[in-house]
Amino acid sequence: MNIPSNLKYTKDHEWVLIEGDTATVGITDFAQKELGDIVYVEVETLDQTLDKDEVFGTVEAVKTVSDLFLPLSGEITEFNDALESNPEAVNTDPYGKGWMVKVKIANASEIDSLLSADAYKELIGA
């Protein structure tokens, strides 16, 4: 299972890449394997400011639909439009082409509440 050490993680199986005041967010390799074949990613919160842990979208797999929870408070500044025509990128490249949104971080202190790669491995029993 791929759990890059340069990323932060949430208990809801999202990963976060922090670059200055921007966070790139997607779902983890573990999450995409649990969900199965992803057929649709919906994010209707572009240009909205949301609080940490609010639902920012959904990911639909063949058998289920799961909410996506924002790991940090902030404004959703970008959606990965490529997922509209190629949602399976979340399965094939969850940490690369499968990213979902970029967020302008409103409260940098919230970064401390995210999990390290080791803590996330412990959470999922990897």
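The values are calculated or read from the model by the stated rules, or taken from the named source; none is laboratory data. Just so we're clear, the structure is a prediction, and the values are computed from it rather than from any experiment. Cβ placement follows ideal geometry from the backbone for every residue including glycine, while neighbour counts extend to all protein chains displayed. We work out accessible area using only protein heavy atoms, side chains counted, and drop any ligands, DNA or RNA first. Shrake-Rupley method; radii C 1.70, N 1.55, O 1.52, S 1.80 Å.
Over the chain, what is the relative contact order in whole percent, taking alpha-carbon pairs under 8 Å and six or more residues apart?
Numbers: 270 pairs, mean separation 38.5, N = 126.
That works out to 31 percent.
With every atom except the alpha carbons ignored, what do you get for Rg and Dmax of the range 26-67, in angstroms?
Just the Cα atoms of the range 26-67 yield Rg and Dmax of 11.2, 30 Å.
Test of understanding: express the Cα radius of gyration of the range 1-45 as a ratio to 2.2 N^0.38 Å, with N the residue count.
It is 1.25.
Once neighbouring chains are kept in place and the probe is 1.4 Å, which whole percent of the accessible area of the chain is contributed by carbon and sulfur? The partial results should precede the final answer.
Working: 2850 of 6420 Å².
Looking at the chain in its full context, I get 44 percent from C and S.
For the range 1-112, with the dipole built from +1 on Lys and Arg beta-carbon atoms and -1 on Asp and Glu ones, taken about the Cα centre, which of N86, T24, N2 lies farthest toward the positive end?
N2
Taking amide H positions as placed 1.01 Å from N in the peptide plane, with prolines and chain starts having none, which residues 5 or more places from A61, or on another chain, fall under 5 Å of its amide H?
Under 5 Å from the amide H of A61 lie the amide H atoms of V39, S66, each far enough along the sequence or on another chain.
Using θ = phi - 60° and the Karplus curve 6.51 cos²θ - 1.76 cosθ + 1.60, what whole-Hz ³J(HN,Hα) does each residue of the range 22-36 get, with Gly and Pro shown as x?
Karplus-based 3J(HN,Hα) across the range 22-36 equals 10, 10, 9, 10, x, 9, 6, 4, 4, 4, 5, 5, 5, 6, x Hz.
If I compute Cα Rg over 2.2 N^0.38 Å from the structure I just sent, which labelled value in (i) 1.67; (ii) 0.96; (iii) 1.09 lines up?
(ii)
Could you run the Debye sum over the Cα atoms of the range 78-126, one equal point scatterer each and no solvent, and tell me log10 of I(q)/I(0) at q = 0.14, 0.28 Å⁻¹, two decimals?
Result of the Debye calculation: -0.54, -0.94.
Say each of S113 and E19 gets a label point 7 Å from the Cα, pointing the same way as Cα to Cβ; how far apart are those two points in nm?
In this crude label model, S113 to E19 measures out at 2.5 nm.
Ranking request for peptides 5-12, 26-33, 100-107, 60-67: highest mean number of other beta-carbon atoms within 10 Å first, then the rest in descending order. Kindly include the intermediate steps, with their values, before the conclusion.
Working: 5-12: 16.9, 26-33: 22.0, 100-107: 18.9, 60-67: 12.5.
Peptide ranking by packing, descending: 26-33, 100-107, 5-12, 60-67.
Can you pull the one-decimal nm distance between simple spin-label points at E60 and D47, each 7 Å off the Cα toward Cβ?
The two pseudo-label positions are separated by 2.4 nm.
Per residue, how much accessible surface does the chain expose to a 1.4 Å probe? Answer in Å², no decimals. Display every interim value, and only then the final one.
Details: 6420 Å² over 126 residues.
I get 51 Å² per residue for this part.
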